[in-house]
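Single-structure report; data block below.
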Amino acid sequence: MYSPSLRFQMLSLLLMFQFTAPLAAQDNDQARWIEAKDKWGQVLFCQTIYKMPEVQNRLYDFDVKQCDEAAQVMNNAMNVFSKQDQVQLKAMAEQHAYRLSRFTSEPYQSVPACREFCQEVTETGGQAHD
């Protein structure tokens, strides 16, 4: 038969698995939150630098259009979050965009990265790809 210590071990394992599932869900939600904030912030950053006079002459016609499409994709992707979370995410994304701009000494050098990023966001629908 089962010994008391084996029962205790089984009960401990059962409880451990029961409590790790919500923690894993929280980790997934937090990871999704951070990814959304970072992507949205980067799109906002790209939109901002695309409006700079010193950058505009380095753009192709499709750059602004594709970046605007990426912004729309990110706006649509935010619909999975509550309205309150969307407001918080937007503020955090704007802060992220600001930080990116503060660490960018020459904005025109970001054009190739923005071009690639906006294309990726548009093609993947804002979802992470593995």
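Looking only at residues of segment 73-110 that are loosely packed, with under 14 Cβ neighbours inside 10 Å and of a type in the set (Lys, Arg), we find that the one that is nearest to Asp29 (Cα to Cα) is Lys83. In a residue-by-residue description of segment 111-119, the property of being open to solvent by 30 Å² or more (accessible area, probe 1.4 Å), free of Cβ contacts under 8 Å to residues at least 40 places away in the same chain and not in a helix (DSSP H, G or I) applies to no position. Under the condition of being in a helix (DSSP H, G or I) and open to solvent by 30 Å² or more (accessible area, probe 1.4 Å), the residues counted in segment 29-69 number 23.
Evaluating Thr104 against the criteria (1) in a helix (DSSP H, G or I); (2) modelled with pLDDT under 95 leaves one unmet condition, (1).
The values are calculated or read from the model by the stated rules, or taken from the named source; none is laboratory data. Computed from a predicted model, the values in this text were never measured in an experiment. Neighbour counts are summed over all protein chains in view; Cβ atoms, including those assigned to glycine, are modelled from backbone coordinates with ideal geometry. What goes into the accessible areas is simple: the full protein's heavy atoms, side chains included, and nothing from ligands, DNA or RNA. Shrake-Rupley method; radii C 1.70, N 1.55, O 1.52, S 1.80 Å.
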